[in-house]
Amino acid sequence: MVKPSLKVRIGGLELKNPVMAASGTFGSGEEYKGLVNLNALGAIVTKSVTLKAREGNPPPRMVETPSGMLNSIGIQNDGVDAFIKDKMPFLDKLKTAVVVSIAGHCVEDYARMAAKLDKVKRADAIEINISCPNVKGGLEFSKEPGSAADVVRAVRKSTRKPVITKLSPNVKDISEIALAAQEAGTDAVSLVNTFTGMAIDIDSRMPVLGNIVGGLSGPAIKPIALRMVWETARRVRVPVIGMGGIMDSDDALEFIIAGAAAVQVGTANFVDPSATTGIISGIEKYMRDRKIKNIKELTGCLKT
């Protein structure tokens with residue numbers, strides 16, 4: 001059998017396969033050099049950057065939970081200018097798509113970062129993080145359709161690059177936010193970001209995390225994330241990128257069958273640095289075994 005085609009298109013961005021390393025779990029990719037074949041990935045989504053440098057939240061910042069983990073990093077980074085100067089030279093050499101994640105405190109922050117990145121050749125696409133639960137105001141833009149649309153519209157006016165909007169599950173109806181982002185000009189939506197949660201030390205009777213609450217990720221959230229991706233994919237015209245507890249190729253295939261054009265792998269990278277490439281191989285084997293020629297045959301093929 002001819003090798004099956006895993007190519008997918010996200011707006012104007014073509015990926016060699018649908019597996020992306022999720023923001024916040026892969027740094028700028030350089031940290032995984034030597035551990036995983038970065039050029040085999042469909043894309044790397046960088047750790048979110050902000051307009052100015054951020055120190056992040058007080059420690060402790062991470063804690064294991066049953067079938068998952070809570071994190072409260074707080075988007076620690078050196079700012080977008082330092083990112084372009086210090087991180088882009090490494091990313092520029094990669095033969096895979098580079099998606100730069102941005103997070104802001106106001107609409108103008110997002111617009112200014114998008115304008116800066118528009119001039120950076122190897123920033124192949126921009127992911128708008130309007131859904132981080134670990135910074136003050138981090139969820140404000142994802143809570144209702146109008147606020148989400150305001151950010152997307154401002155970014156859309158500031159860049160010619162493909163725009164992906166990352167959505168929060170901590171809302172009443174995530175598909176309504178996705179529709180608003182679509183109408184405002186996003187090329188795709190990615191979901192879900194982490195669920196707001198907390199852990200308590202019963203001996204000290206204090207929160208485990210320095211920020212009290214954090215974002216829950218890992219296998220514990222997969223069934224809910226999968227349902228949200230399915231609901232959203234049925235309502236929007238733009239591609240949906242699914243994430244939330246994807247640990248292996250079976251998990252990834254569930255999201256694709258539910259309607260995701262591509263997937264992002266996050267927490268699994270901490271467990272196994274080669275998780276992404278293993279998922280790519282697993283998807284290809286699944287297709288070969290079933291004589292499926294193109295990944296598009298699987299996208300949204302759920303029988304109901």
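What the table below lists for this structure:
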read-out: Filter result for the condition that a residue is in a helix (DSSP H, G or I), open to solvent by less than 20 Å² (accessible area, probe 1.4 Å) and in contact with a helix residue (DSSP H, G or I) (Cβ under 6 Å, 6 or more places away or on another chain), over V152, V189; value: V152
read-out: Selected residue [in contact with a helix residue (DSSP H, G or I) (Cβ under 7 Å, 6 or more places away or on another chain), open to solvent by 10 Å² or more (accessible area, probe 1.4 Å) and more than 17 Å from A43 (Cβ to Cβ)] from S147, S175; value: S147
read-out: Qualifying residue in region 159-178 (condition: without any contact (Cβ under 8 Å) to a residue 12 or more places away in the chain, part of a loop (DSSP other than H, G, I, E, B) and either within 28 Å of P60 (Cβ to Cβ) or not basic (K, R) (or both)); value: yes
read-out: Filter result for the condition that a residue is buried (at least 21 other Cβ atoms within 10 Å of the Cβ) and basic (K, R), over K52, K47; value: K47
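The values are calculated or read from the model by the stated rules, or taken from the named source; none is laboratory data. The structure displayed is predicted, hence computed values, not measured ones. Every residue, glycine as well, gets a Cβ built from its backbone with ideal geometry; the counts of neighbours run over all protein chains shown. Protein only, heavy atoms only, side chains kept; ligands, DNA and RNA dropped before computing areas. Shrake-Rupley method; radii C 1.70, N 1.55, O 1.52, S 1.80 Å.
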